[in-house]
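Working notes for the structure below.
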Amino acid sequence: MTTLYDLHCHSTNSDGDLSPSELVERAAENGVTNLALTDHDTTDGLVEAKICADELNLTLINGIEISSQWEKQCLHIVGLNIDPQNDALQNVILEAKKMRQERAEKIAFKLEKKGIAGAMDFVKNSPVEGMITRSHFANFLVSHFHVSTLQESFDRYLGDGKSAFVSTTWTSLEVNVQAIRAAGGVPVVAHPLRYGLTATRMRKMLGAFKNAGGLGMEIVTGRYNPDEMRILANYANQFELAGSIGSDFHSPKNKWIELGRLAPLPDSVTPVWELW
Ligand code: AMP
Ligand code: MN
Ligand code: MN
Ligand code: MN
């Protein structure tokens with residue numbers, strides 16, 4: 001069987017639409033042999049995912065995607081092959097949960113001031129008790145006809161600097177990278193091109209990440225074109241970071257992103273899975 005890695009995706013434990021089991025089943029159907037579940041700031045889905053993965057003979061890699069503060073920027077750091085029981089990691093998770101809860105109350109308050117009531121009740125009653133993300137608010141805004149698409153909810157209300165945006169100071173990049181390392185995992189910069197960094201800032205960020213103990217960066221994601229992959233592969237080699245590959249799948253409703261539908265990692269890059 002050919003190996004096919006997908007090392008970034010979300011379940012209902014954060015802002016995905018599929019349960020961990022449904023996600024693993026879909027990955028297996030798509031030919032994925034090695035899957036990492038990387039929910040936002042939580043490891044709660046990993047037990048269910050592992051049970052299902054064992055039944056389907058798929059290798060599950062324990063993962064997480066941690067929101068991390070670097071200067072004024074929120075960076076997403078994926079932790080791969082982590083021990084979910086590790087105390088340092090669980091402390092970071094607890095902190096993030098608290099911050100997400102407080103931020104959610106503030107977002108709901110801002111929406112209420114704009115005449116949109118009921119957001120917090122909706123979010124709290126979401127089907128699974130997971131991490132509250134802005135995507136939950138986006139679902140609320142769409143299902144209650146305040147906007148017609150998820151994108152519109154970010155463009156009008158939830159996106160950075162928009163009317164219901166609440167800025168958060170996440171746990172620092174350094175602390176999160178160290179927590180992932182303490183948990184035996186490999187810290188990876190998620191979707192490096194999604195932060196809108198100039199080349200100079202990108203180098204500064206990768207330098208800070210590397211200094212903090214970072215080991216990898218995503219090169220192939222569900223959206224990148226060959227030119228972007230070449231640029232990222234060059235950065236990875238320059239900063240001696242391993243390369244990762246992950247769809248960042250959230251939902252079957254998004255037809256452009258699918259589990260396992262990924263270009264291969266460029267030959268010039270060391271694959272992250274060689275680090276575990
Ligand atoms: P949070 O971590 O709670 O700030 O939520 C971030 C999540 O919202 C991301 O992981 C994406 O899944 C989603 N998201 C962020 N920006 C957008 C956007 N412009 N359009 C659609 N989804 C977005
Ligand atoms: Mn998300
Ligand atoms: Mn992300
Ligand atoms: Mn993600």
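Every number here is computed from the coordinates shown, using simple stated rules; none is lab data. Please read all numbers here as calculations on a predicted model, not as lab measurements. Quick reminder, even Gly has a Cβ in these numbers, built from the backbone with ideal geometry, and neighbours come from all protein chains shown.
Helical content of the chain, expressed as a calculated mean residue ellipticity at 222 nm, amounts to -11500 deg cm²/dmol (DSSP H runs of 4 or more residues, -39,500 (n - 2.57) each, divided by residue number, nearest 500). Legend: helices of the chain (whole DSSP H runs) are marked when their alpha-carbon atoms reach 27 angstrom or more along the helix axis and their mean Kyte-Doolittle hydropathy is at least 1.0; nothing is marked. Would you mind computing Rg(Cα) / (2.2 N^0.38 Å) for the stretch 105-205, counting N as its residues? Rounded to two decimals, the normalised Rg is 1.31. Please compare each pair in Lys106/Lys204; Lys98/Lys204; Lys124/Lys253; Lys72/Lys97 to a cut-off of 26 Å on the Cα-Cα distance and tell me which ones are over it. Among Lys106/Lys204; Lys98/Lys204; Lys124/Lys253; Lys72/Lys97, the Cα-Cα distance tops 26 Å for Lys106/Lys204; Lys98/Lys204. Which whole-number percent is the relative contact order of the chain (Cα, under 8 Å, 6+ apart)? Across the chain, relative contact order equals 21 percent.
Relative contact order of the stretch 97-158, please, whole-number percent, based on alpha carbon pairs below 8 angstrom and at least 6 residues apart. Each step should come with its number before you reach the end.
Numbers: 42 pairs, mean separation 16.2, N = 62.
Value for the stretch 97-158: 26 percent.
Packing-based ranking of 11-19, 110-118 yields 11-19, 110-118, ordered from highest to lowest mean Cβ neighbour count within 10 Å. Roughly how many whole Å is it from the C-alpha centroid of the stretch 173-211 to that of the stretch 36-94? If we compute the Cα centre of each part, the gap is 16 Å.
Cβ crowding within 10 Å ranks Leu56, Leu158, Leu7 as Leu56, Leu158, Leu7, fewest other Cβ atoms first. Taking every Cα-Cα distance in the chain and sorting them into 10 Å bins from zero, the calculated P(r) comes out as 7, 30, 37, 22, 4, 0 percent.
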